[in-house]
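K.L.:
Dropping a structure here in structure tokens format, bear with me for questions.
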Amino acid sequence: MTGPGDQRRGLLIGLSIAFSVLTLTTIGLGAATIALLSFSGSATAAPATPSPTPSFPPGYAATTIDGYEISAVTDLTVDAFALTVSAYDGDVSLNALMTNEDETRGAQVFFDITAYREDGSIIERGLDIVYAPPGETSIMRSSLPDLDEAVAITVEQTAIDWLAPDVTGGATVDTVTATGLGDLLEYTLTSTISVPTEYVDLFLVGSLDDEIVGVCTGFEDIPASGVSFEGHCDWENAAIADPIDVEDELPDDVEFRVYVRLDAPDE
């Protein structure tokens, strides 16, 4: 039987094939980067992208990370951008924490993510689908393997569906510890979810002195609210002056928050 996580992955694969936008290349980026961004709402302009002009009045957020101009146009509130690198294959991922400010409706948002050269030509494009329950934060994430010639990355909302929520909440962090097995971390979380849910992508975002220093990705079933559960995740460093070595021990002052990627309810 196909689970909701499988359905979401099938949808992403189908969209990727239809757009023919992903290019698999060798990455030459030397380090991951991170920047935090507080964002209040609407803006007067948004960067041009190859997608059709949206029909909604979006908000606009922008920052510069290690020389890359990164921007987003979306109805969600952008709380933070991050570029992180996988220790296993060197792939770079763009992460964006996004909050649905609507307190009654869930938001399923479709995104194009595009990397540009200085002359405005496209290096590569990716896509993602994010569901954020009412009043909650989710994470947009897209792999960008080839950033050698990139000067700008844009995140554009191409469609949004407002839906009646069937699941809310997620999890809180109890402990995160090193395992001694490379970049694999072990965590204990406590569920805050309204309904036990299977096949959930988890993202543990680590911060030090209010600076995000990495993202740890995992995949779990979340039990009923109030129940603790354990699991493992793969740590990806962000570029900081003194990158964290997580193999043997995590610094005590790294703070973690967990973000979940729930599936959108059936319409």
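None of the figures in this text is laboratory data; all of them are computed from the coordinates on show. Small disclaimer: the values here were computed from a predicted structure and weren't measured. Glycine also receives a Cβ, built like all others from the backbone with ideal geometry; neighbour counts cover every protein chain displayed.
K.L.:
Quick query: amide H of VAL200 versus all other amide H atoms, modeled in the peptide plane; which residues come in under 5 Å with a sequence gap of 5 or more or a different chain?
P.N.:
GLU220, ASP221, ILE222
K.L.:
Moving on. Please compute the length gained on full extension between LEU208 and ASP66, using 0.36 nm multiplied by the number of residues separating them and subtracting their Cα-Cα distance.
P.N.:
Values: separation 142, 0.36 × 142 = 51.12 nm, distance 1.86 nm.
Length gained between LEU208 and ASP66: 49.3 nm.
K.L.:
What does the convex hull of the Cα atoms come to per residue for segment 171-261, in Å³? Working shown, then result.
P.N.:
On the way: hull volume 7.8 nm³, N = 91.
Taking the convex hull of the Cα positions in segment 171-261, it is 85 Å³ per residue.
K.L.:
Near the amide H of ASP148, under 5 Å away, which other amide H atoms are found, from residues 5 or more places off or on another chain, if H is placed in the peptide plane?
P.N.:
GLY28
K.L.:
Pop out the ³J(HN,Hα) list for segment 113-119 in order, Karplus 6.51 cos²θ - 1.76 cosθ + 1.60 with θ = phi - 60°, rounded to Hz; leave Gly and Pro as x.
P.N.:
The phi angles translate into 10, 10, 9, 10, 7, 4, 7 Hz.
K.L.:
With a cap of 12 neighbouring Cβ atoms within 10 Å, and only residues DSSP puts in a loop, list the chymotrypsin sites (Phe, Trp or Tyr not before Pro) found in segment 72-177. Walk me through the numbers on the way to the answer.
P.N.:
On the way: sites: PHE81, TYR88, PHE110, PHE111, TYR116, TYR131, TRP162; in loops: TYR88.
Listed in order of number, the matching sites are TYR88.
K.L.:
Would you kindly derive the ³J(HN,Hα) couplings of segment 96-108 from the backbone phi angles with the Karplus curve 6.51 cos²θ - 1.76 cosθ + 1.60 (θ = phi - 60°), listing them in order in whole Hz, with x for Gly and Pro?
P.N.:
Coupling constants for segment 96-108: 9, 7, 9, 10, 8, 7, 6, 8, 10, 10, x, 10, 9 Hz.
K.L.:
Each residue of segment 124-131 in turn: what ³J(HN,Hα) in whole Hz from Karplus with 6.51, -1.76, 1.60 and θ = phi - 60°, glycine and Pro shown as x?
P.N.:
Calculated HN-Hα couplings, in order: 6, 9, x, 8, 7, 10, 10, 10 Hz.
K.L.:
Collect residues whose amide H, placed 1.01 Å from N in the peptide plane, falls under 5 Å from the amide H of VAL213; neighbours closer than 5 in sequence don't count.
P.N.:
GLY206, SER207, LEU208
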